[in-house]
Amino acid sequence: MITRSLASRYVMIGCSLSGLMLCSIRPSLAADAGTAAPAAQPDDSILQEVVVTANKRAENMQDVASAVSVESGAQLMDRGLKNLADYAGDIPGLNIVGNGSPGQTSVEIRGISSNTRTSAVGTYLDDTPIGSSGGWALGSSTLLDMLPYDLERIEVLRGPQGTLYGEGAMGGLIKYVLKTPSTSDFDAEVGGSLSTIDGAANAGYSVRARVNTPVIPDVLGISLSAFGEQTPGYINNTFTGQTNTNLDREYGGRLAALWRPASNLSVKFTALAQIIEADDSAFRQFNSTTPAPNSGNALLVTPQNPLPDLTENVPFPASYEQHLYYTAATVDWNLAPFDFVSATSWSKQTSLLWGDTTPLYGGLLPFIGGSGAGITNSIDNFGLNKFTQEFRLVSPKGNALEWMAGVFATRERSFHFFYAQAFTPQYQPEPGIGFPPGLFDAAYPESFDEYAAFGNLTWNITDAFSLTGGARYAYNRQRIVFDILPAPFWPPPLPQFTPIETHQGVPTWMGSAQYRFNGNVMGYARVATGYRTGGPNSPLPNVPLTYKSDTLINYELGLKSTFLENRALVDVAVYRINWKDIQLTALSTPGDYNYETNGGRALSQGVELQTQYSPMRGLTLRLNGNYTDAHLTSVIPASSFLLTGYQLARVPKGSVSASADYDFALMSGWRAQVGGAYRYVGPQFSGIVESASSVSTPTYRAAGYSVFDLNGGIRRDHLNIRLTVRNLANNRALLAGGQFRTDGVTGVNDVLATFLQPRTLELGVDYAF
């Protein structure tokens, strides 16, 4: 049976600071080549307008009455950033939790963390949501993780977005915006890179290409892109004798089309495939722990007896595969008094995750029928098919009254097969334990359907003062079947076939007021709610069959300003979030089975700062930071082993970052760019802190750490050459997470913890036609 001893795998990758508020647009390549007079070049020390679609309409980011951050795909590439864990370092209040390889990521925004299988942060790809809404497809740990090659930008909305984006966006939203095909211009680009990671025996590489062509000028344009990347491994496994085990590959492609049959009608189509194949995860392994001093009864430990650097000793590597296929069509029809938008998507995602559980169960095999101590593993095979449809009507901008109204539906069919298997030390099936089913063998087919209606209204009382209100009502229905074979970890008389169904309707709402003091300074106040859907529990004795949604309300004050003739920017937001009916782990009595329940309340409050300054042409300076105080304030008796007052898992109280980028002319039409970034991430707990008891899971506190990055490049005409250095000091800092594995016989804790990727150098070349 699955008990409290199976610790959740939590990993913190990246950090929560640094932010890109506005994208400085470089001079054109023609100007770089010297074909235009210097006076014709735009002044790149002046901050350029950034258009975002955070409110499902195009707006200047500085006019949006909420906290929004933007990263452009071009800037991500210039700085050598490759995945969501890297991107987090540029956005205040955003923390990334991974499990040692691309694709295994969950997200926390403003201290709102996914403590269960259901994500607390929403993910959109262009106009449609992606990822699992129900918990049994592990949506909280497998969020979309895209390489930057076909990205126009990433928008991150901080704070609950329940009115416009619905379920799962209670902490905020991550929106990937892909490049839109052009119906008028032909363009193409091809590129590649070579990289090396400290400790890796081989080099890594990437290749990429994109072409856009008008098929019918000004009517139909098509773009096609493809990419492939291999990141070298640098972990050596002394148990199997394998070296560089954690090599991973990412590859895929996209076909996109934009059709404009009339001046007031456009149809955008996208088909995308992305594959991730990781042979192993990158962990630091510790053979034991010691109690960490604390003033209370907290079960805090310090990992001890680490294996040699970049070494693990496990019978089974933590390999991971993820296959994503996505298609979408968005229709935008201007009907004069309003716009009609239809956004449709279908996606299929499958994942396969292997884990080594030998320290947990290998020594227990003789007590449950095995011939002796052995080795054990677990296999998660899960995924979903997801269909979404949204219709909305949107009024024009600039009127005294602006409004939006829409309906949304999603239909998801997910699967999850989970196996726990036992072998002899020679990798032969354990003869004393049936194989299959082995230690545990279960299937969890699940359906999730949701229907929602939403709307908002903005009253522009004067040119300077506006009020906005909005609401959404969503109804969801879930059904899951627990189909579990008899096995040592699920012995009779536990039920083998149990269907469970849940129904719930949830309202969300928001209100905001914004006042523009002048053309450069805007202040706002915002109140918004969000929710995360509930779901079913495993059918164990003395365990409630279901738990309900948790909800929160966010109070926020913000100021957005530009000054010094539009060369400087300062954005600040302060917030307080009251989180109730929070989904937490509880323990049954008797039995000590862990299950999900609505276990109490939490508070998150803090301040976020984003600044940018261009004192001279080509030079951009940024200094950003955030402070977050997020902790449980109360728990129910069944969750009393969870301690209040401690910072929530994987949320640093303080982080800060600084960066500088300088773009300047060389000679003969060549230009150069150099830049550097520093970030500090404060100490973090690897999980929710628990009291010391026989059923508790230990937690460790990862120390704060600093990271330095460098980047530079030269370009001329169509050629761009870049060199980036990530983690210049080669810091091996532990991140706030890991997998605790308590030996079932000795009680000794074995820890697998993720850490900063070693120093990485990459040389990239791109050519645009």
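Rank Asp463, Asp629 by accessible area, highest first, at a 1.4 Å probe radius? Write out the running numbers ahead of the final one.
Values: Asp463 165, Asp629 25 Å².
Largest to smallest exposure gives the sequence Asp463, Asp629.
Just so you know, the averaged projected area of the alpha carbon convex hull for the chain sits at 31.1 nm².
With the whole protein complex present, Asp571 retains an accessible surface near 10 Å², based on a 1.4 Å probe.
Sorting Val407, Val107 by solvent-accessible area of protein heavy atoms yields Val407, Val107, largest first, with a 1.4 Å probe. Where the alpha-carbon atoms of segment 648-740 are placed on the principal axes, they occupy 72, 22, 20 Å, in descending order.
Taking each of Lys386/Lys580; Lys82/Lys580; Lys179/Lys386; Lys56/Lys348 in turn, the alpha-carbon distance tops 32 angstrom for Lys82/Lys580. Computed with a 1.4 Å probe on the full set of protein chains, the accessible area for His503 sits at about 100 Å².
Using the empirical formula 2.2 N^0.38 Å as the baseline, the Cα radius of gyration of segment 359-488 reaches a ratio of 1.91. To the nearest 10, the accessible area of Met616 is 90 Å² with a 1.4 Å probe.
Tell me, what ³J(HN,Hα) does each residue in segment 695-702 have, in order and in whole Hz, if you take phi through Karplus 6.51 cos²θ - 1.76 cosθ + 1.60 with θ = phi - 60° and put x for Gly and Pro? Along segment 695-702, the couplings run 10, 8, 9, x, 10, 10, 10, 6 Hz.
With contacts taken as Cα pairs under 8 Å and at least 6 residues apart, segment 601-743 reaches a relative contact order of 19 percent. Ranked by the mean number of other Cβ atoms within 10 Å of their residues, highest first, the peptides 339-349, 285-295 come out as 339-349, 285-295.
Give the calculated FRET efficiency between Asn578 and Ala729 to the nearest 0.05, with a Förster radius of 41 Å applied to their Cβ-Cβ distance. The partial results should precede the final answer.
On the way: r = 40 Å, r/R0 = 0.98.
Once rounded, the FRET efficiency stands at 0.55.
Note on Phe517 and Val745: the model spin-label points, each 7 Å out from Cα along the C-beta direction, lie 7.0 nm apart. Cross-link partners for Lys548 among the aspartates and glutamates, with Cα-Cα distance under 16 Å and sequence neighbours closer than 8 places in the same chain left out: Glu167, Asp449, Glu450, Glu501, Asp581, Glu596. For segment 216-360, carbon and sulfur atoms together expose 60% of the accessible surface, with a 1.4 angstrom probe and every protein chain in place. Computing FRET efficiency as 1/(1 + (r/R0)^6) for Ala672 and Tyr473, where r is the C-beta to C-beta distance and R0 is 56 Å, gives about 0.50.
Working from Cα pairs under 8 Å separated by at least six residues, relative contact order for the chain is 15 percent. Note on surface exposure: Trp670, Trp333, Trp136 rank Trp333, Trp670, Trp136 by accessible area, highest first, 1.4 Å probe. A helix-only calculation puts the chain at -500 deg cm²/dmol for mean residue ellipticity at 222 nm, using -39500 (n - 2.57) for each DSSP H run of at least four residues, averaged over all residues.
The values are calculated or read from the model by the stated rules, or taken from the named source; none is laboratory data. Computed from a prediction, not measured in an experiment: that's the story for all the values here. Don't worry about glycine lacking a Cβ; one is built from the backbone with ideal geometry, like all the others, and counts go over all protein chains shown. The protein model used for the area step is the full one, side chains on, heavy atoms only, and it has no ligands, DNA or RNA in it. Shrake-Rupley method; radii C 1.70, N 1.55, O 1.52, S 1.80 Å.
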